[in-house]
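Q: Okay, handing you the structure first.
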Amino acid sequence: MSLSPAPIVTDGIVASLYLERLRAGLPGREIAVCVLPDGEQHKTLVSFTTVIDRLIEHKFRRDCCIVALGGGVVGDVGGFAAACYLRGVDLVQVPTTLLAQVDSSVGGKTAVNHPRAKNMIGAFYQPKSVIADTATLTTLPPREVGAGLAEIIKYGLIADAKLFAWLEENIENLLALDPAALELAIKRSCEIKAEIVAEDEREQGKRALLNFGHTFGHALEAIGRYERWLHGEAVAIGMEMAANVSAELGWLDRTERERVSRLLAKARLPHAAPGVAADEVLEHMQMDKKIARSGLRLVLLEGIGRAVLSPAPERAVLREAIERQLR
Ligand code: NAD
Ligand code: GLY
């Protein structure tokens, strides 16, 4: 029996570190490699077309299995290509960033960005499997580790007060890439995400909670032309803004509000977006995918570990919550 061909989608940095090791693990298969430029600014329809061109050039058929080797950008572009090529071919995610191991490789969201709004073109498309080797994290730049920590903190905030308290005690171990701490944090993050996605794969309701901080964060990413902040960094600032709204509504008490900022700071994440105008953020937020006919909705906190999807408060409250993180 011949083994299914395995086109590999990766980026230049990851290819230089891990491509040969992956290739060695796929003996006897037809392999083609598509190396994309790295970075969020390349999560575009141009990169998507590059992947499709390569698949056509090699005449891959429906029996191929795309392997996405890299961070969330490669995973999202490669995944979207798998969803579209020949109306869908198999996909295996091999995430190599902390963020991709705890979030983007799991759950089946794939997408590319539009210059005006994040993740606007995409598909729900589940991988056949996700293979995360935590040893790849040892080569990650510290800023990328922080970006992954932002999503882990998010899980604690939306669904698991115990995880949040554990993070308060163990964030230094995670920053130092302690294997036992990483294993626990990655496993618990994937469990939380899988539980939510199993209930609501297509984001008709509960899955939106995974987007805590993201309505603000996606707006900042687009404003920063997908270059100024890493995704996890923009989400960290967005979580501060969402926590401000929650506190303003009286849902999050002062001590809890302070714990949010303290943990994000301990993870060395940015807390503010100086130079950005609140109106610009508000305008970009109108492109959010959670927007309903009745208006903008936000994921807010009723306490640490308890998130809800709620209609956005009046504009003055929202503006103040944003402005506090712009100075
Ligand atoms: P990324 O894919 O841009 O990777 C970050 C950087 O790290 C890149 O320069 C990459 O080349 C490099 N890199 C990757 N692995 C490395 C390694 N092991 N050693 C050294 N360098 C390495 O960014 P990311 O943070 O992994 O992913 C962010 C993207 O994920 C965003 O586009 C975001 O929207 C998306 N995302 C998607 C989902 C989803 O559900 N699909 C969820 C969360 C985030
Ligand atoms: N990162 C949000 C989601 O997967 O739904």
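The values are calculated or read from the model by the stated rules, or taken from the named source; none is laboratory data. If you're wondering where the values come from, they're calculated on a predicted model, not measured in any experiment. All Cβ positions, glycine included, derive from the backbone under ideal geometry; neighbour counts span all protein chains shown. We work out accessible area using only protein heavy atoms, side chains counted, and drop any ligands, DNA or RNA first. Shrake-Rupley method; radii C 1.70, N 1.55, O 1.52, S 1.80 Å.
Q: Test of understanding: in a Gaussian network model of the chain with alpha carbons linked when under 10 Å, which of Thr215, Thr50, Thr110 would top the mean-square fluctuation ranking?
A: Evaluated over the chain, the most mobile residue of the options is Thr50.
Q: Compute the accessible area per residue over the stretch 224-301, keeping the other protein chains in place, probe 1.4 Å, unit Å². List each step's numbers first, then the result.
A: Numbers: 3650 Å² over 78 residues.
That works out to 47 Å² per residue.
Q: Moving to a separate point now. Can you tell me how much longer the chain between Leu86 and Arg61 gets when fully stretched, taken as 0.36 nm per residue apart minus their C-alpha distance, in nm with one decimal?
A: The span from Leu86 to Arg61 would gain 8.2 nm if fully extended.
Q: Same structure, new question: Round to a whole number: what % of the accessible area of the chain belongs to carbon and sulfur, probe 1.4 Å?
A: 53
Q: Next up: Using the Kirkwood formula over every pair of different C-alpha atoms, what hydrodynamic radius in Å results for the stretch 142-323?
A: About 16.3 Å for the stretch 142-323.
Q: Using the Cα centre of the stretch 142-323 as the reference point, and only Cβ charges (+1 on K/R, -1 on D/E), how large is the resulting charge dipole? Debye, rounded to the nearest 20.
A: Here the size comes out at about 200 debye.
Q: Pairs on different chains or at least eight residues apart, Cα atoms closer than 19 Å: how many lysine pairs in the stretch 8-137 fit?
A: 4
Q: Across 5 Å bins from 0, what is the distribution of all Cα-Cα pair distances for the stretch 8-137, in whole percents?
A: 2, 12, 24, 26, 22, 11, 3, 0, 0
Q: Among DSSP beta bridges whose residues both lie in the stretch 8-137, state the antiparallel percentage, nearest 5.
A: Restricted to the stretch 8-137, the bridges split so that about 25 percent are antiparallel.
Q: Considering the dipole of the chain built from charges on the beta carbon (Lys and Arg +1, Asp and Glu -1) around the Cα centre, which of Val145, Pro95, Ser129 is farthest to its positive end?
A: Ser129
Q: Quick check: pseudo-label points 7 Å beyond the Cα along Cα→Cβ at Ala176 and Ser310, how many nm apart are they?
A: Modelled inter-label distance: 3.9 nm.
Q: Run the numbers on the stretch 8-137 and let me know its relative contact order in percent, using alpha-carbon pairs under 8 Å that are six or more apart.
A: Computed value for the stretch 8-137: 23 percent relative contact order.
Q: Could you give the angle, 0 to 90 degrees to the nearest 10, between helix 161-175's Cα long axis and the longest principal axis of the Cα atoms of the chain?
A: So the inclination is approximately 60 degrees.
Q: A further question on this structure: Keeping all protein chains in place, calculate the accessible area per residue for the stretch 1-112 (probe 1.4 angstrom), answer in Å².
A: Details: 4600 Å² over 112 residues.
Result: 41 Å² per residue.
Q: Go ahead and estimate [θ] at 222 nm for the chain from helices alone: -39,500 (n - 2.57) per DSSP H run with n ≥ 4, summed, over the residue count, rounded to 500.
A: Calculated at 222 nm, the ellipticity per residue is -14000 deg cm²/dmol.
Q: Moving on. Note down the net charge around Thr136, summing +1 for each Lys or Arg and -1 for each Asp or Glu among other residues with Cβ under 12 Å from its Cβ.
A: -1
Q: Oh, and also: Name the residue farthest towards the positive end of the dipole of the stretch 208-292 from the options Ala243, Ala219, Leu269, assuming +1 on Cβ of Lys and Arg, -1 on Cβ of Asp and Glu, about the Cα centre.
A: Among Ala243, Ala219, Leu269, the one farthest towards the positive end of the dipole of the stretch 208-292 is Leu269.
Q: Lys/Arg Cβ at +1, Asp/Glu Cβ at -1, dipole of the stretch 142-323 taken about the Cα centre: which of Val317, Ile158, Ser294 is farthest positive-ward?
A: Ranked along the dipole, the leading option is Ser294.
Q: Sequence-distant or interchain residues sharing an amide H contact under 5 Å with Ile8, placed H: which?
A: Residues meeting the amide H criterion: Ala32, Val33, Cys34, Val67.
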